[in-house]
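Below: one structure, written as structure tokens.
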Amino acid sequence: MSLVTIQAKDGASVEFIKKDPKQGGVKDVYFSPDRSYVVAFYRKELDFGSKERLERLVGNYRVGIFSKQGAEYWKNLFRWPERIVEYEKKTGIVVPVYQPNFFFPENTTLAGAEKEGKWFTSAKNFNRFVPEGEKGNLLSYLRICINLSRAVRRLHAAGLAHSDLSYKNCLVDPKTGDACIIDIDGLVVPNLFAPDVLGTPDFMAPEVVTTMKLDPKDPNRKYPCRETDQHALAILIYQYLFHRHPLRGSKVYSDDTEIQESLEMGEKALFIEHPTDTSNRYKIQKNDKDFLPWIDTGKLPYKIMGPYLKELFEQAFIKGLHTPSERPSADDWEAGLIKTADLVQPCLNKDCVKKWYVFDNSTKPVCPYCGTKFKGQLPVFDLYSSHDGKNFRADNHRLMIYNNQYLYLWHVFRNVFPNEKLPDSQKKPVAYFSFHKNQWIMINQTLDSLVDLTNNKPIPKGSAVPLTNGLKLQLSQEQFGRVVNVSLVKA
Amino acid sequence: MRKLPVYILIDTSGSMRGEPIEAVKAGLNSLFKSLIRDPHALDSIYISILTFDREAKILLPLSELNNNLVLPEIPPLESSPTNLGEALQLMCQLYSKEVKKSSLEAKGDWLPVAVIMTDGSPSDTMLFEQMCETLKSNAYPFSRIIGCAAGPKAKTEPLKKFATDVVFLETMDSNSFSQFWQWVSQSFSRLSQNTSREVDELPPPPEEIKLVL
């Protein structure tokens, strides 16, 4: 074992074990003795621009993100390079290691392997190779997608683009819903630092694939940027939620594999679930049983994820597929995913592979994954808010109620959002729901001015209000406080 | 879904006897172990192993990569010629049967990968030359043919005639073999990510392996 101690550019002492490096695309990675960080050396000498970019990454950009609001929060979502080192004429970066839950645990068949995206985006891997306890459920995948959208939103807000969002660069843990973006050193700053990779094939935007054969200096050639990140993010989200790729259907453009690849991902890219052009639908083949039901778009179409995501998928893969400016932003995804999380209900089948599903807005809800019908009463809250305190308008936000579910401040107030800026004091539940003595009730925990508008009756803290069809509740009388309309679906 | 066929051709002629073939066996095992932990490989790779000495044989018919797959034993080696030409011919015959070609009606499989490990020159020179022409003609398109010249006396010239990448291991011990397999498995992994050529860069070979082409 050969321990090397060097001094980083910022003066800190850095140690690593010079043995068996893990080889990435452009770097050799060595662990520190306590395995709390890694030192990754670029195999090729970096040009001036790349060094300058690294300086800013560990300098301004890092400080910008990690010294402001939500600093602690971002530490979990990014593995950000912290220091620059030089050793034997090679440039390296010091990066913290991943949280242990991004590796499969010891008692599983995949012990120690990284939980990279491909384990969960491929239907076959998900069905056959991911250990049972590691598969997660619909809620945890929603959480993964929210985390990724949030991280990308933060990068974009800082004027940066990741440039290579892909399976390997996004670690996920479906058990907890955690996600983390790694390999941040390739960040792109428009007009300042050009990308050094074109991206990973399944995720490259059509305009990048279409123009990659052009001369690098050709002004028509397209490179990774914020809009291409938006494409890659949409692909990741679709893959985590459906375990299939949105553009890899059965349409043939050429009998030459390479031309086919560049057309189906580039110039001719077509959503496999395009509502009117059905030519790229995936045709299920005889040897596909390991991939079912996920690749069956007839059984599990994109619209099972509810109205908010349906619209975003259409924006990403129909309207915006070849029109980068139309693509949903990371912010749009975050908001849509958060609202979708309010539409889920538990599947009554305890063996259901997804455990939860998005309410299909019908009077006869059925779990799309296992076919189990919902039985019983299902309360639905439609949220309304007001800009003048008098007229309340629909927020296009619906909350499905299930047993032991909670109501939070972001449901109560129009101006509160569940994100990294929310102080801990506002993360606590304010009311909960229960099916009690054959009736749905909401129990007020901390709301000061909850009023039953239908019966004109205040509901003090610690007391309950029965949920009946047509009931109107004012959740708070303070500014930005919402009104809800209750519907009871009987199935 | 499309599969990625991988053909591994192993020289089992007399000169491989002893440490060389043991190293190949150990290498195959470690290759296999790393592939069944790689989600890109598990998603699409099918493996076939051929051996060649006096004749070319199928040791493992094209099989889906998964954790139940058992690698067959390589039988003891005898003094024999190195019929590499015959092995390439057998591989092409299997290719015709096993690899679904792309057509204008339906997508085919991903272009296969071949790995050829040998320490010497082919004995069946005529057939060998003929097969090199066939492979070059693109009648059996491969995404990559990795030729590995193993052992201190190995020649790379024959391999250069048909392989897209040629590597040789300067010294033949288990350690250099295991590094070679590690490199090969990373190459597969990249291929099964469907990397298109322009951005396709193999990880550089570890120490002791030199990329000749």
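What is the mean number of Cβ atoms from other protein chains located within 10 Å of the Cβ atom of each residue in peptide A:194-201, rounded to a whole number?
For this peptide, the per-residue mean of nearby foreign Cβ atoms is 2.
Quote to one decimal, in nm, the extra length available between A:D20 and A:L453 on full extension: 0.36 nm per residue of separation minus the C-alpha distance between them. Could the numbers behind the result be given before it?
Numbers: separation 433, 0.36 × 433 = 155.88 nm, distance 6.86 nm.
My answer for the length gained is 149.0 nm.
What is the average number of partner chain Cβ atoms found within 10 Å of a Cβ in B:59-66?
1
Full extension from A:R43 to A:Y253: what is 0.36 nm times the residue separation minus their Cα-Cα distance, to one decimal in nm?
71.8 nm
Between B:E64 and A:V416, take the C-beta separation as r, use R0 = 60 Å, and let me know the FRET efficiency to the nearest 0.05.
The formula returns an efficiency of 0.70 here.
Over the range A:1-97, what relative contact order in percent results from Cα pairs under 8 Å that are six or more residues apart?
Dividing the mean separation by the residue count of the range A:1-97 yields 27 percent.
Sort by residue number and name the cysteines in chain A that have no neighbouring cysteine Cβ under 4.7 Å.
A:C145, A:C170, A:C180, A:C225
Expressed as a rounded percentage, what relative contact order does the range A:376-490 have, with Cα pairs under 8 Å and six or more residues apart?
Working: 263 pairs, mean separation 33.5, N = 115.
Relative contact order for the range A:376-490 comes out at 29 percent.
At A:Q7 and B:S79, where each label point lies 7 Å from the Cα along Cα→Cβ, what is the point-to-point distance in nanometres?
Going from the A:Q7 label point to the B:S79 one covers 6.6 nm.
Select from the range A:94-146 those GluC sites (Glu not before Pro) which occupy a DSSP coil region and have at most 11 other Cβ atoms within 10 Å, ordered by residue number.
When the GluC sites (Glu not before Pro) of the range A:94-146 are filtered for loop state and at most 11 Cβ neighbours within 10 Å, A:E106 remain.
Taking only C-alpha pairs under 8 Å that are 6+ residues apart, what is the relative contact order of chain A in percent?
That works out to 9 percent.
Give me the one-decimal nm value for the distance between modelled label points at A:T446 and A:S362, 7 Å along each residue's Cα-to-Cβ direction.
Result: 4.0 nm between the two label points.
Can you tell which of A:V344, B:S80, A:P105 lies farthest toward the positive end of the dipole of the protein assembly as shown, using +1 and -1 charges on the Cβ of basic and acidic side chains (Lys, Arg; Asp, Glu)?
Sorting the options by dipole projection puts first A:V344.
Taking the Cα centre of the range A:1-97 as the origin and placing charges on Cβ (Lys, Arg +1; Asp, Glu -1), which of A:Q7, A:S32, A:F48 is farthest toward the positive end of the dipole?
Going by the charge dipole, the pick is A:F48.
Taking 7 Å along the Cα-to-C-beta vector as the label spot, tell me the A:E114-B:R17 distance in nanometres, rounded to one decimal.
So the label points at A:E114 and B:R17 sit 4.5 nm apart.
For A:K90 and A:N107 in one chain, what is 0.36 nm times their gap in residues minus the Cα-Cα distance, to one decimal in nm?
Once the chain is fully extended between A:K90 and A:N107, it gains 2.3 nm.
Loop-only trypsin sites (Lys or Arg not before Pro) in the range A:350-419, please: DSSP not H, G, I, E or B, and at most 14 other Cβ atoms within 10 Å.
Passing both the DSSP loop test and the Cβ count: A:K350, A:K375, A:K390.
FYI, it's all coordinate maths here, none of it is from the lab. The shown structure was predicted, so the numbers you read here are calculated from the model rather than taken from an experiment. Here Cβ is always computed from backbone atoms with ideal geometry, including for glycine, and neighbour counts include all displayed protein chains.
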